[in-house]
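Following: one structure in structure tokens, then a few remarks.
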Amino acid sequence: MDKTEIERRRITLDDRSRTTGDGVEYWSAREIMDVFGYSEWRRFEDAIKRAMVSAETSETPVQDHFVSAVKMVSLGSGAKREVRDYKLTRYACYLIAQNGDPRKEEIA
């Protein structure tokens with residue numbers, strides 16, 4: 001991957017960041033899973049869980065970087081339902097990249 005491609009991906013991730021009312025920067029896991037090359041939530045959530053284990057192993061407080069959240073999504077019938085999501089810090093995104101599927105170009 002060349003420098004141009006790396007810069008394009010960084011901008012994409014930074015453009016999707018959000019900020020809490022307290023000024024803390026975070027990313028919605030469901031909104032950035034495609035940046036990491038995932039199209040299925042269950043596979044991406046597996047990578048998130050591996051990243052959480054990595055944080056625990058390094059004695060980093062998981063709850064400071066991976067905050068469970070709920071997101072409302074619309075179904076085809078027009079109804080809405082809650083789905084699991086995570087608010088991720090930049091460090092959490094780094095750990096996901098380190099613990100994601102190495103066969104994915106975005107991770108490699």
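Miscellaneous remarks
- Verdict on Ser68 being open to solvent by 60 Å² or more (accessible area, probe 1.4 Å), of a type in the set (S, T, N, Q) and in contact with a Phe, Trp or Tyr (Cβ under 7 Å, 6 or more places away or on another chain): yes
- Remark: pairs (first residue in segment 12-25, over 10 Å from Arg90 (Cα atoms); second residue at pLDDT 90 or above and of a type in the set (Gly, Ala, Ser); Cβ separation under 8 Å; 6+ apart in sequence or on different chains) = Arg16/Ser28; Arg18/Ser28.
- Among (1) open to solvent by 40 Å² or more (accessible area, probe 1.4 Å); (2) in contact (Cβ under 8 Å) with a residue 40 or more places away in the chain; (3) under 16 Å from Ile107 (Cβ atoms); (4) of a type in the set (A, V, I, L, M) - the single one Ile6 does not satisfy: (2)
- Helices (runs of 4 or more DSSP H) within segment 20-108 that include 3 or more residues hydrophobic (A, V, I, L, M, F, W, C) and more than 19 Å from Glu7 (Cα to Cα): 41-57
- A single member of Thr4, Thr19, Thr57 is of a type outside the set (Gly, Ala, Ser) and closer than 19 Å to Gln98 by Cβ, and it is Thr57.
- Test result for Val35, surrounded by 11 or more Cβ atoms within 10 Å (Cβ to Cβ), of a type in the set (Val, Ile, Thr) and modelled with pLDDT under 95: yes
- Residue in segment 11-19 that is part of a helix (DSSP H, G or I), of a type in the set (Ser, Thr, Tyr), at pLDDT 95 or above and over 11 Å from the mean Cα position of the chain (by Cα) present: no
- Pairs with Cβ under 6 Å, 6+ apart, first in segment 47-61 and aromatic (Phe, Trp, Tyr), second surrounded by fewer than 13 Cβ atoms within 10 Å (Cβ to Cβ) and assigned to a loop (DSSP other than H, G, I, E, B): none
- Residue that is nearest to Thr19 (Cα to Cα), among those in segment 54-108 that are more than 16 Å from the chain's Cα centre (by Cα) and polar (S, T, N, Q): Thr60
- Every residue from segment 71-104 that is out of contact with any helix residue (DSSP H, G or I) (no Cβ under 8 Å at 6 or more places or on another chain), under 17 Å from Asp46 (Cα atoms) and open to solvent by 90 Å² or more (accessible area, probe 1.4 Å): Tyr94, Pro102, Arg103
- The sole residue among Arg18, Arg30, Arg43 that is open to solvent by 40 Å² or more (accessible area, probe 1.4 Å), of a type outside the set (Phe, Trp, Tyr) and within 16 Å of Ile107 (Cα to Cα) is Arg43.
The values are calculated or read from the model by the stated rules, or taken from the named source; none is laboratory data. Here the structure is a predicted model, which means the values were calculated and not measured. Positions of Cβ are backbone-derived with ideal geometry, glycine not excepted, and every protein chain shown enters the neighbour counts. Protein only, heavy atoms only, side chains kept; ligands, DNA and RNA dropped before computing areas. Shrake-Rupley method; radii C 1.70, N 1.55, O 1.52, S 1.80 Å.
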